[in-house]
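Contents: one structure, followed by commentary.
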Amino acid sequence: MADIHYTDPNGPMYHNGVYHLFYQHNPHSALFGDGMVWAHSASYDLINWFSLDHALVPSEPFDAISCWSGSVTILPGNKPVILYTGIDANYNQVQNLATPKNRSDPLLIEWVKYSGNPLMTPPKGVNGDNFRDPTTAWQGPDGTWKVVIGSYSNKQGMAILYQSEDFVNWTMHQDPLYSASKTEMWECPDFFPVSINSTNGVDTSVANPSVRHVMKASFNSHDYYIVGTYDTEQEKFLPDADFTGTSSDLRIDYGKFYASKTFFDSKKNRRILWAWVNESDSSEDDIQKGWSGLQAIPRQIWLDRAGKQLVQWPVEELNNLRDNQVYAYGKKLKSGSVFEVSGITASQADIEIMFELPELEEAEFMDTSLVDPQLICDRQDSSVTGKYGPFGLLALATEDLTERTAIFFRIFRGDNRYVVLMCSEQKRSSLRNNLDKTTYGAFVDIDPRQEMVSLRTLIDHSIIESFGGKGRTCITARVYPKLAINNEAHLFAFNNGTLSVTISSLHAWSMDKARVNCRGGLENTE
Ligand code: DQQ
């Protein structure tokens, strides 16, 4: 296998029965470098993929060095177009347009760059290396096209707004759609509507009282977002609350998860999120492996009923890989107990588990308004006994638990409410050294008096994606066990709190292998 580096998802779309995913890819190295291309994969079901020829490779003065991230917009008449960032011959970031060479090709393999590129160059006051990653464009009520570009200027991260009548001639709006002082350079912004009272998605141009808008920006190694109102007359995004630069800012995922991008899937009326998950080992390891970076499982995404945050869940098509179900109901986990979930391939599995907490009022008191949840998870890791918690799963574990990744909860009693903390602890994930074993953690916005604490965890060899509180808090981790691999991997449920918890229900499945990037859909290149 050639050395390859995969990063940001680019231009995901559904078109004429086919899902497309383009992505940042360095064909020459397992690491990031000059010469980035838009690689291209297609799928009929979001699960099994085949790879196609690269869609965009550096070739012209306006993208001589690299073809960086961007998005697809489907223009009226079902015509997809790409807007992407070119790194031009002078290493400036400019925005370019490309269209399919042959729209009747069902796979849209060849793309043609517009001869009038670039369409947008860094405006006054913006450095040539702070102007990138166009979003999917949307149409205003008067038919004008709008798009935002990630930037940083005057010590503010921002989404610079451009408008166009014809998608070719673009004019910068006097003010950014939104800017924030507590952020760095905005990479891969995403701006999209979400229904107020439905899990269905809506097309990107929808702006009416039945939706709210989400602004997502990638910086500081994480994907942050704010929810608010889009004022189409003033061309302003008015968030309910600004980014604060603290651990209370909402993140799409509280683990390793970056440069995410959504698209509207008109086949199933839903909005789907893709993201890049990078490695936890060193560059030297990546060179030796010959590759780095992967895409997370696509997630359906919608606004929580309470309207304050997003909810995410793996796309339903993933369930087709489920095999070999095992289950347990009403299983009491006494203090200190560890219970093996056997009968499935623990190295490639899907687990859904619900916990009952019969004596909630016994939970420890903590003033959680003042603390960083990730820090609590790190200090009070899975080996530290509490009252309600730690309880949860030990994934990719050796039989003797020397290697294990712990995904667990702790419940605290605050002033007039209960607080649910979710952690993903990688400290003991591998006997190998020189790995990033950062512990992740976040609160889960549920009231454990009203609903059970639930966890869904997807395990696939070196990636663990966890969804707490029915998808209200998501944490993705990359781990590389030395011993707990393939058939040597085990899965356990555990309770290291002094109070008992009951597994109300547990369902676990072995997961079949998806066909990933088979060339032309025929030959398996793994
Ligand atoms: N990766 C791309 C940029 C983007 C960054 C280059 C985010 O366009 O800002 O590969 O990971």
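The values are calculated or read from the model by the stated rules, or taken from the named source; none is laboratory data. Small disclaimer: the values here were computed from a predicted structure and weren't measured. A quick note on method: Cβ atoms are made from the backbone with ideal geometry, for glycine too, and the neighbour counts reach across all protein chains shown.
How many of the residues in segment 255-278 are within 16 Å of the ligand (Cβ to nearest atom) and free of Cβ contacts under 8 Å to residues at least 60 places away in the same chain?
1
Checking the condition hydrophobic (A, V, I, L, M, F, W, C), under 21 Å from TRP276 (Cβ atoms) and away from the ligand (no atom under 16 Å from the Cβ), which residue from PHE32, PHE50, PHE22 passes?
On inspection, the qualifying residue turns out to be PHE50.
Condition first: within 16 Å of the ligand (Cβ to nearest atom) and assigned to a loop (DSSP other than H, G, I, E, B). Can you find one or more residues in segment 211-220 that meet it?
yes
In segment 46-86, what count of residues is obtained for those that are more than 27 Å from GLN300 (Cβ to Cβ), surrounded by 17 or more Cβ atoms within 10 Å (Cβ to Cβ) and among the hydroxyl-bearing types (Ser, Thr, Tyr)?
Number of matching residues: 2.
If I ask for residues that are within 16 Å of GLN163 (Cα to Cα) and either of a type in the set (Val, Ile, Thr) or crowded, with 19+ Cβ neighbours inside 10 Å (or both), which ones from segment 118-130 would you list?
Taking segment 118-130 and keeping what is within 16 Å of GLN163 (Cα to Cα), we get 118-123.
Hits for segment 118-130 are PRO118, LEU119, MET120, THR121, PRO122.
Does THR204 satisfy the criteria of being surrounded by 15 or more Cβ atoms within 10 Å (Cβ to Cβ) and within 18 Å of VAL72 (Cβ to Cβ)?
Numbers: surrounded by 15 or more Cβ atoms within 10 Å (Cβ to Cβ): yes; within 18 Å of VAL72 (Cβ to Cβ): yes.
Judged against the criteria, THR204 is a match.
Just to be sure I understand the filter: pairs with C-beta atoms under 7 Å, separated by 6 or more residues or on different chains, first member in segment 165-186 and within 12 Å of LYS146 (Cβ to Cβ), second member β-branched (Val, Ile, Thr) and surrounded by fewer than 20 Cβ atoms within 10 Å (Cβ to Cβ). Which pairs pass?
GLU165/THR144; PHE167/VAL81
For ASP281, which of the numbered conditions (1) crowded, with 22+ Cβ neighbours inside 10 Å; (2) more than 16 Å from the ligand (Cβ to nearest atom) fails to hold?
(1)
Of all strands (runs of 3 or more DSSP E) completely enclosed by segment 313-426, which ones contain at least 1 residues that are among the aliphatic types (A, V, I, L, M) and crowded, with 16+ Cβ neighbours inside 10 Å?
Working: elements: 322-333, 337-340, 348-356, 391-397, 405-413, 418-425.
Fully inside segment 313-426 and qualifying: 322-333, 348-356, 391-397, 405-413, 418-425.
Counting residues that are in contact with a Ser or Thr (Cβ under 9 Å, 6 or more places away or on another chain) and closer than 29 Å to SER282 by Cα, which strands (runs of 3 or more DSSP E) fully inside segment 432-526 reach at least 3?
Details: elements: 440-444, 453-460, 463-468, 473-478, 490-495, 501-511.
Those strands (runs of 3 or more DSSP E) span 440-444, 453-460, 463-468, 473-478.
Given PRO390, PRO448, PRO373, which one is touching a Phe, Trp or Tyr at 6+ places or on another chain (Cβ under 6 Å), of a type outside the set (A, V, I, L, M) and under 23 Å from PRO481 (Cβ atoms)? Working first, answer last.
Working: PRO448 fails: under 23 Å from PRO481 (Cβ atoms); PRO373 fails: under 23 Å from PRO481 (Cβ atoms).
Only one candidate passes the filter, namely PRO390.
Report, by residue number, each residue of segment 244-271 that is of a type outside the set (Ser, Thr, Tyr) and in contact with a Leu (Cβ under 9 Å, 6 or more places away or on another chain). Outline the logic, then answer.
Here is the first cut: in segment 244-271, the ones of a type outside the set (Ser, Thr, Tyr) are 245, 249-253, 255-257, 259, 261, 263-265, 267-271.
Hits for segment 244-271 are LEU250, ILE252, LYS261, PHE263, ASP265.
Looking only at segment 53-67, which residues are more than 16 Å from the ligand (Cβ to nearest atom) and in a loop (DSSP other than H, G, I, E, B)? I'd like the intermediate steps shown before the answer.
First pass over segment 53-67, keeping only residues more than 16 Å from the ligand (Cβ to nearest atom): 53, 59-61.
Selection gives SER59, GLU60.
So that you can scan it fast, the table gives a plain yes or no per residue for (1) in the same structural domain as VAL202 (by TED's automatic domain parsing); (2) farther than 22 Å from PHE167 by Cβ; (3) within 21 Å of the chain's Cα centre (by Cα); (4) of a type in the set (D, E, K, R):
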site: GLY17; (1), (2), (3), (4): yes, yes, no, no
site: ALA39; (1), (2), (3), (4): yes, yes, yes, no
site: ALA42; (1), (2), (3), (4): yes, yes, yes, no
site: PRO58; (1), (2), (3), (4): yes, yes, no, no
site: PRO61; (1), (2), (3), (4): yes, no, no, no
site: ILE74; (1), (2), (3), (4): yes, no, no, no
site: TYR91; (1), (2), (3), (4): yes, yes, no, no
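If you scan segment 103-115, which residues turn out to be loosely packed, with under 11 Cβ neighbours inside 10 Å and modelled with pLDDT of 95 or more?
SER115
Which numbered condition trips up GLY150, out of (1) small (Gly, Ala, Ser); (2) crowded, with 21+ Cβ neighbours inside 10 Å; (3) out of contact with any Cys (no Cβ under 9 Å at 6 or more places or on another chain)?
Only one criterion in (1) small (Gly, Ala, Ser); (2) crowded, with 21+ Cβ neighbours inside 10 Å; (3) out of contact with any Cys (no Cβ under 9 Å at 6 or more places or on another chain) is unmet by GLY150, namely (3).
Being over 28 Å from the mean Cα position of the chain (by Cα) and either more than 16 Å from the ligand (Cβ to nearest atom) or in contact (Cβ under 8 Å) with a residue 24 or more places away in the chain (or both): is that true of GLY86 here?
Numbers: over 28 Å from the mean Cα position of the chain (by Cα): no; either more than 16 Å from the ligand (Cβ to nearest atom) or in contact (Cβ under 8 Å) with a residue 24 or more places away in the chain (or both): yes.
It is false that GLY86 is over 28 Å from the mean Cα position of the chain (by Cα) and either more than 16 Å from the ligand (Cβ to nearest atom) or in contact (Cβ under 8 Å) with a residue 24 or more places away in the chain (or both).
Applying the selection to segment 221-241, what residues are within 16 Å of the ligand (Cβ to nearest atom) and more than 16 Å from THR135 (Cα to Cα)?
Across segment 221-241, the qualifying residues are SER221, HIS222.
Taking THR262 as the residue in question, decide whether it is within 19 Å of GLN139 (Cα to Cα), under 11 Å from the mean Cα position of the chain (by Cα), outside any loop (DSSP other than H, G, I, E, B) and modelled with pLDDT of 95 or more. Let's see the steps before the verdict.
On the way: within 19 Å of GLN139 (Cα to Cα): yes; under 11 Å from the mean Cα position of the chain (by Cα): yes; outside any loop (DSSP other than H, G, I, E, B): yes; modelled with pLDDT of 95 or more: yes.
For THR262, the condition - within 19 Å of GLN139 (Cα to Cα), under 11 Å from the mean Cα position of the chain (by Cα), outside any loop (DSSP other than H, G, I, E, B) and modelled with pLDDT of 95 or more - is met.
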